[in-house]
Amino acid sequence: MRERWETVIGLEVHAELSTASKIFCGCSTAFGGEPNTRCCPVCMGLPGTLPVLNEKVLEYAVRAGLALHCEIDRETRFDRKNYFYPDLPKAYQISQLYRPIARNGYVDIVADGAEKRIRIHEMHMEEDAGKLVHSEFERVTYPDYNRAGTPLLEIVSEPDFRSSAEVLAYLEKIRSLFTYMGISDCKMQEGSMRADVNLSVRPMGETAYGVRTETKNINSLRAIEHAIESERSRQIHVITNGGKVIQETRRWNDDLKTSVPMRSKENAPDYRYFPEPDLPAIHISEAFLQAARESLPEFAEERQARFVKEYGLPENDAARLVARRETAELFEAVVAQGAGAHSAANWLVVHVPHVLKTLSESAEDAHPDASELAELIRRTERGEISRPDALKVLGALLSAETPFGVADYIRENGMAVENDESALEDAVRRVIAANPKAVEEYRSGKTKAIGFLIGQAMKELKGKSAPATVHERMEAALREPPSVTA
Amino acid sequence: MEILDLTAVELGERIRKREVSAAEAVEAVYDAFRERNRNLNAYAAFEIDPARTAAQAAQTLLDGGGASALAGVPVGVKDNISVKNCLTTCASRILQGYRAPFDATAVRKLRGAGAVPAGTLNMDEFAMGSTSETSCYGAVRNPWNVGHVPGGSSGGAAAAVAARECFCALGSDTGGSVRQPASYCGVTGFKPSYGRVSRYGLVAYGSSLDQIGPIARDVRDCAALMDVIAGADPFDATSRTFPDAGFLDALNGDIRGLRVGVPEECFGDGAEEDVKACVQEFLDELRRAGAELVSISLPFVRYAVPTYYILATAEASSNLSRFDGVKYGYRTEHYHTLEELYVRTRSEGFGKEVQKRILLGTFVLSSGYYDAYYNKALKMKQLIVDGFAEAFGRCDVMALPVSPTTAPKLGESLSDPLKMYLSDVFTVPANLAGLPGLSVPCGFDRNGLPVGAQLLGAVGADALVLNAGHAYQLATDWHTRKPEICRPPLGGDVAERQRGEAVENA
């Protein structure tokens, strides 16, 4: 009988904090830049320099710890992790081992239709290393220390995942929590969120853990899925062929969709951790903790529930609105400016993403002004502009680089529905006269034919009357007795 | 009287009175360096252009009415304290050619007060040593007898101050590196409370123990330097501001009623008879000045040396990892792989003593040994901190020798490293407990080598310690004694003669 296998996964997630400056010096943390232009004697580790903790990092870390339901260590401190590598300027990384800022937390996720609690073992603060740029042509390696000293949080989960779907839901949850707090943008592609996967397999029903491997260098959500499936199959293959999985660190190659061994447990470096003597232990006061608690925003889940309750939105729309904090906030601002909640939700989950897609812009880059967007939605609701025109205005609004007036744009482009009574009457009369067959159908009970007639009238009117009004007039005209003078 | 016979404070007064210019003062030091450095090898380098520029800046400050006690006074700087655009090499091959792109905070403050950083002083490589023999620039010699070592690791600073090759200097003290060479060379050296002076720009040896401290002719000069360099620094998270301040102003010489603790452990078999006799005289003098001597016991002191060598080397092994040949300093010429680059650069760039301490520190931090060594030493450190805190309940300051011996002969110590480490027994406790410690000259042994007495205070009691030393110097003249070597015109000849004697003795 073929055995069934259970996959056991634990994650180490690194999230770059979006503080303006680095963790131990005043250098900018902006992504990219000419090599070695965003560094100073401190983050270059020049002799005699000393680290000084950026208070913002501590603040962000405490908020993150609270959001992950962790216990905050009120006497946290830093340790040195010693190893040699050219991207590590001091040959040690300032990290936390003995007294991490947060421990024993959890996050609740929904995956494969089920709710699940993932426990957090610990979360700590540390500095990022620089980057090495290899020039194949010159056969030379250049270090770039711009990234060195960027603040990171490392979140270590318990081995609670059983599928890649759970892993993805967890990463999405962390991304949502962190972006809601504004402490990290969690973009895997830019490397501001990275994950190492610890994975083992065991026969279904077995309670002891199998031997695990750690897979590093995974740079996208899709790659995580691939890496998990690949490692799971590899381990099952090893075991079912009579072999033994060895505890090792593996490196994911996304081009080949496979991982290769980096080093075994026997070759694991001894990091010689010890307390960082240059940074005194940090006492976290009750006031500091309280301020952090109070600064926590209403997170996505709570907000979704409130949207359903307060605005009567369908779950699905509410869920899509709260996926990004900016969207959720824009929704509430637009409603506060007088747009109907349902229309606003519809616009934000359907029209805005659609228009952005045609503009090839990402949602992160669009920040439409709430009052202008509300204006556009209101006018559309009232039939003062046709839907195709409204979407054109939306496109202009979303791509506008400077303050954009919806009202002005509609007027300047002649999009306002005029509701000219005599033009409307004329158009209705002409359409009825010109389409006797459709009129006959309608009057004989095929009321759907009115759609065609309204369309013709709208064409005559070049969209300058509200469709609802045209509908109303057309209906009235059709109910009149046929003209005897014809 | 030669200008270099003036103390720093006296020179400062003359400069303010326009009797001497800042430029003349710096040229006098530079002349002494050029004419006499070969005698003692006290300097690692002397770059005159930046010193002249600093003297001009000081003169401008003076002319604008800036009148701090040390305005215009040249200050020698140990080779492990960063001076902007100047060589800062820790007397190590691995930092050959390295120029710091910034000033250490202490140096920046010196400039702010109008003092003039002038010359970098020789030392034990990376401040690891008690003899100043491990420098890549060669050994420093003791001005009282060039066949002997000047002590270390700030041996260049102590020798230069003693031999009138500079007025005063900044040294660094991790386990006694200011106090012990000051003692061996018959000058005054002060290690401040940990955190009192910013370590920013001091190339780290043992970060939790390192402090920058002054070496000068007398306590007044030390106090004047402390007035300039002390204070919390936003660039050093371990620095603090203590409530007492105005060290020079606090020197009233009144120690009536001061309770001076005399630790019985420090006057036992460990110390040479001549040393004990001189320090006993020192105690008598304090009593005559109105102090009350109190016998105390510091039983934990016997654990200080092993505790120190575990903690200092552990931190050093990490602190010195950055010297890997990648970004600055020395890089081996022959390598094919990254590992070869590291191994060869560090094997060729670091001297033997430094390599030994890096290995020791790496060992005590290794997994499997961490708890037995490093963690135990951390706990011992805490016991020493608590023990001192308790002892300072019974006295205001403590008096003890600086070193169990006077300056050993050149070459003698490195052949018996364990003995050399154990000779740190009276100085390392202050570093472990973060206490202020002062070394003042208190006589000579039968061979004419200086003996130093040490005063320790509770954390933050720096002014109290300095004042006790000042009271002693008001009553004695040991600190004004001048080695034969700097009495012109014999200078060079004395050195030659003593060197000859040293060869004969060897």
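Just so you know, all these numbers are worked out from the coordinates, no wet-lab data involved. Given the structure is predicted, the values throughout are model-derived calculations rather than measurements. Heads up, the Cβs are rebuilt from the backbone with ideal geometry, glycines too, and the neighbour counts pull from every protein chain shown.
Points worth noting:
- Isotropically averaged projected area of the range B:316-439, using the convex hull of Cα atoms (one quarter of hull area), nm²: 10.9 nm²
- Inter-centroid distance (Cα atoms) of the range A:159-214 relative to the range B:226-254, Å: 51 Å
- Less than 5 angstrom separates the built amide H of B:GLY452 from those of B:VAL402, B:SER403, B:CYS442, all sequence-distant by 5 or more or on a different chain.
- Based on C-alpha pairs under 8 angstrom that are at least 6 apart in sequence, chain A has a relative contact order of 13 percent.
- Shielding of peptide B:316-323 by partners, expressed as the average count of other chain Cβ atoms within 10 Å per residue Cβ, is 6.
- 17 Å Cα-Cα reach of A:LYS464 towards aspartates and glutamates, excluding residues that sit fewer than 8 places from it in its own chain: A:GLU381, A:GLU384, A:ASP389, A:ASP408, A:GLU412, A:GLU418, A:ASP420, A:GLU421, A:GLU425, A:ASP426, A:GLU472
- Loop-located GluC sites (Glu not before Pro) in the range B:13-115, at most 11 other Cβ atoms within 10 Å (DSSP): B:GLU19
- Within the same chain, lysines fewer than 8 places from B:LYS409 are excluded, and of the rest, those with a Cα less than 28 Å from its Cα are B:LYS78, B:LYS191, B:LYS276, B:LYS352, B:LYS356, B:LYS419, B:LYS482.
- For the range A:232-265 versus the range B:317-384, the inter-centroid distance based on Cα atoms is 34 Å.
- In the protein assembly as shown, the DSSP-assigned H stretches of four residues or longer account for a calculated mean residue ellipticity at 222 nm of -12000 deg cm²/dmol, using -39500 (n - 2.57) per stretch and the full residue count as denominator.
- Listed by chain and number, the lysines placed with their C-alpha closer than 23 angstrom to that of B:LYS379 are A:LYS81; residues fewer than eight positions away on the same chain are left out.
- Helix runs (DSSP H) in chain B reaching 30 Å along axis by Cα, Kyte-Doolittle at least 0.0: none
- The range B:310-465 - charge dipole about Cα centre, Lys and Arg +1 at Cβ, Asp and Glu -1, debye rounded to 20: 160 debye
- Within 10 Å of each Cβ in B:198-207, the average number of Cβ atoms from other chains: 4
- Computed from the C-alpha gyration tensor, the three semi-axes of the ellipsoid equivalent to chain B are 30, 29, 23 Å, from longest to shortest.
- About the centre of its Cα atoms, chain A shows a dipole size close to 1160 debye [charges on the beta carbon of Lys, Arg (+1) and Asp, Glu (-1) only; nearest 20 debye].
- Unit charges on C-beta of K, R, D, E only; dipole of the protein assembly as shown, Debye: 1220 debye
- Loop-located trypsin sites (Lys or Arg not before Pro) in the range A:338-390 (DSSP state other than H, G, I, E, B) with a sparse environment of at most 11 neighbouring Cβ atoms within 10 Å: A:ARG382.
- For chain A, the longest site-free run once GluC sites (Glu not before Pro) in DSSP loop states with at most 10 other Cβ atoms within 10 Å are removed: A:139-400
- The stretch between B:GLU340 and B:ASP31 holds 106.8 nm of extra length on full extension. This uses 0.36 nm per residue minus the Cα-Cα distance.
- Farthest toward positive dipole pole in the protein assembly as shown [+1 Lys/Arg, -1 Asp/Glu at C-beta], among B:ALA157, A:THR249, A:GLY32: A:THR249
- Share of Cα-Cα pairs in the protein assembly as shown lying beyond 58 Å, as whole percent: 32 percent
- The trypsin sites (Lys or Arg not before Pro) of the range A:415-480 that DSSP puts in a loop, and whose beta carbon has at most 15 other beta carbons within 10 Å, are A:LYS446, A:LYS448, A:LYS462.
- Counting other Cβ atoms within 10 Å as a rough exposure proxy, the listed residues A:ILE109, B:ILE255 run A:ILE109, B:ILE255 from fewest neighbours to most.
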